[in-house]
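Inspection log for the structure reproduced underneath, given as C-alpha cells.
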Amino acid sequence: MAKRKFLVFSIILLLPMVVISCGSDDDDLIGTWYRVSDFDGLARSNASSFTIGNKGYLACGFDGTDRLSDFWEYDMDQDFWTQKATFPGAARHSAVAFALNEKGYLGTGYNGETKFNDFWEYNPETNVWFEKTSYPGLARYGAVAFSVGGKGYIGCGYNGNYLKDFYAFSPETNSWEQIVSIGGSKRQDATAFVIDDVAYVCCGQNNGDYIDDFWKYDPSTAKWEQLRDIADTSDDSYDDDYNIVRTMGVAFVIDGAAYLTCGESGSVRSDSWKYYPETDLWENVAKFKGTARTATAVFSNGSRGYVVTGKSQNYRFDDIWELHPYEYDEDDY
C-alpha cells in the first residue's frame, strides 16, 4: 500500500511539469497581432493594395460570386475607412499594385474569362484614376510587383503558362522596359518586399510545387542575386526549422526587417516569419492572430504593418490586423 501511495504522489508531482511542457508552441515567439477597424467594404479575397504615407489603399478582389472594382482608403492614424473613386478598369481579382512617387498603380489581373495587361495610375490628391501605357508583357494574373529606385516592376504570374519575365515602368516617360528575368523557377502568386532600395521575391508555386528559392534585385546593378533557400535544403543548421514556403503569402516591412505571413501550402497558413537582410536569415515570430487564411492584402508604411481581407476555403474575410512586432502576447501566458 505504501508503494502505491508513493507512486500516486509522484505522478501528481509530475503533472504540472507535463502541463507546462504541452503549452502553446507560440508562447516564446515575439510579436502581438491586434484587430483594428473592420474593412467597410464587402468581404473578399485576392484584392490589390498599396500604401502612400500613413494611408493604405485596397482595390478590386473577389467576393466568392462577383469580381469587384470598388476602391478604399484606410487611415492608419485614425483607424478609419473611406470609399474612394471606383477603379475604372474592368472588375478583377489577382491584379498587382504598388506605390511610387506618392501615386498608386494597378495592373494585370483576371475576371474569370479575360486576363488583363492594362495599367492604371491613381492620384490621391485629386481622387482620380488615369490609364497609362499598358503592361508590355503577356496578359496575366497572380504576378508580383514592387517599386524601387524610382521605378515600378511587374513580373512572373500565370497566363496559361507560368512566367518569370520582368518589366520596369518609368513614370516620367510613361514607358516600360524589359529587364533580366528573375532567376530560378517560374512562379505564380509570389511574395515581394523592399528593404533599403533592394527588392526581394520569394514563395509562389509552379505546377503544384511550392517554390523554395529566394532572390533579391538591386536596381543600381540591374541584377538578380540568389539568396539562401527558404526551406531546409542545406547541410547547415540555420534552416533546420524553416517552414516558410507557400503561395499567396504576404509581406510587409517594419524597421528594416520583413514579416511574411498567411498564404497556403496544402492548407491555409497563419505562421509568421521575420527576415533579417543583414544575415539573410529568417526567424519564426508570433503567428497571425486572425483565422488562418490566404489571398490577403497588406499595408505597410515602414513602421506599421497590416493584413486585411483574404479567404479560407469558400469563406471571405473583412477583418484587418496590425502587428506590434516587439510585444509578447499576454494571452499566451
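In summary, Asp236 fulfils each of the numbered conditions (1) in a loop (DSSP other than H, G, I, E, B); (2) in contact (Cβ under 8 Å) with a residue 12 or more places away in the chain with the single exception of condition (2).
Exactly one residue out of Ala145, Ala192, Ala168 is in a strand (DSSP E or B), touching a Ser or Thr at 6+ places or on another chain (Cβ under 9 Å) and either closer than 27 Å to Phe71 by Cα or modelled with pLDDT under 95 (or both): that is Ala145.
Can you confirm whether Ala257 is farther than 28 Å from Asp66 by Cα and of a type in the set (A, V, I, L, M)? Step through it out loud before you land on a result.
Details: farther than 28 Å from Asp66 by Cα: yes; of a type in the set (A, V, I, L, M): yes.
Here the answer is yes, as Ala257 does meet what is asked.
The one condition from (1) closer than 21 Å to Gln188 by Cβ; (2) of a type in the set (Gly, Ala, Ser); (3) over 20 Å from the mean Cα position of the chain (by Cα) that Ala95 does not meet is (3). When the residues of region 190-219 are filtered to those that are within 14 Å of the chain's Cα centre (by Cα) and hydroxyl-bearing (Ser, Thr, Tyr), the one that is farthest from Leu260 (Cα to Cα) is Tyr200. The residues in region 195-214 that are assigned to a loop (DSSP other than H, G, I, E, B) and surrounded by 14 or more Cβ atoms within 10 Å (Cβ to Cβ) can be counted, and the count is 6. When Tyr326 is tested against (1) under 30 Å from Phe80 (Cα atoms); (2) surrounded by 14 or more Cβ atoms within 10 Å (Cβ to Cβ), exactly one condition is not met: (2).
Among the criteria (1) touching a Pro at 6+ places or on another chain (Cβ under 9 Å); (2) loosely packed, with under 15 Cβ neighbours inside 10 Å; (3) hydrophobic (A, V, I, L, M, F, W, C), the one Phe80 does not fulfil is (1).
Given Glu225, Glu283, which one is assigned to a strand (DSSP E or B), within 22 Å of Ser185 (Cα to Cα), without any contact (Cβ under 8 Å) to a residue 40 or more places away in the chain and among the acidic types (Asp, Glu)? Going through Glu225, Glu283 in turn, just one is assigned to a strand (DSSP E or B), within 22 Å of Ser185 (Cα to Cα), without any contact (Cβ under 8 Å) to a residue 40 or more places away in the chain and among the acidic types (Asp, Glu): Glu225. Entry remark, region 274-296: residues being over 21 Å from Lys311 (Cβ atoms), of a type outside the set (Ser, Thr, Tyr) and touching a strand residue (DSSP E or B) at 6+ places or on another chain (Cβ under 7 Å) number 7 in total.
For Trp129, the conditions (1) closer than 23 Å to Ala222 by Cα; (2) touching a Pro at 6+ places or on another chain (Cβ under 6 Å) all hold with the exception of (1). The set of residues from region 263-280 being in contact (Cβ under 8 Å) with a residue 24 or more places away in the chain and under 21 Å from Tyr328 (Cβ atoms) comprises Asp271, Ser272, Trp273, Lys274, Tyr275.
Being in contact (Cβ under 8 Å) with a residue 40 or more places away in the chain and surrounded by fewer than 23 Cβ atoms within 10 Å (Cβ to Cβ) is the filter; apply it to region 105-125 and report the residue that is nearest to Asp197 (Cα to Cα). Out of the qualifying residues, it is Glu121. Counting the residues of region 62-111 that are more than 23 Å from Thr294 (Cα to Cα), among the hydrophobic types (A, V, I, L, M, F, W, C) and assigned to a strand (DSSP E or B) gives 2.
Kindly indicate which of Gly184, Gly155 is under 21 Å from the mean Cα position of the chain (by Cα), at pLDDT 95 or above and not in a strand (DSSP E or B).
On the way: Gly155 fails: not in a strand (DSSP E or B).
Going through Gly184, Gly155 in turn, just one is under 21 Å from the mean Cα position of the chain (by Cα), at pLDDT 95 or above and not in a strand (DSSP E or B): Gly184.
Scoring Tyr217 on the criteria (1) free of Cβ contacts under 8 Å to residues at least 60 places away in the same chain; (2) crowded, with 16+ Cβ neighbours inside 10 Å; (3) in a strand (DSSP E or B) leaves a single failure, condition (1).
Return yes or no: is Gln78 in contact (Cβ under 8 Å) with a residue 12 or more places away in the chain and farther than 25 Å from Ala168 by Cα? Against the criterion (in contact (Cβ under 8 Å) with a residue 12 or more places away in the chain and farther than 25 Å from Ala168 by Cα), Gln78 does not qualify.
The values are calculated or read from the model by the stated rules, or taken from the named source; none is laboratory data. Since the model is a prediction, treat every value here as computed from it, not as a measurement. Cβ: placed from backbone, ideal geometry, glycine included. Neighbour counts: every protein chain shown.
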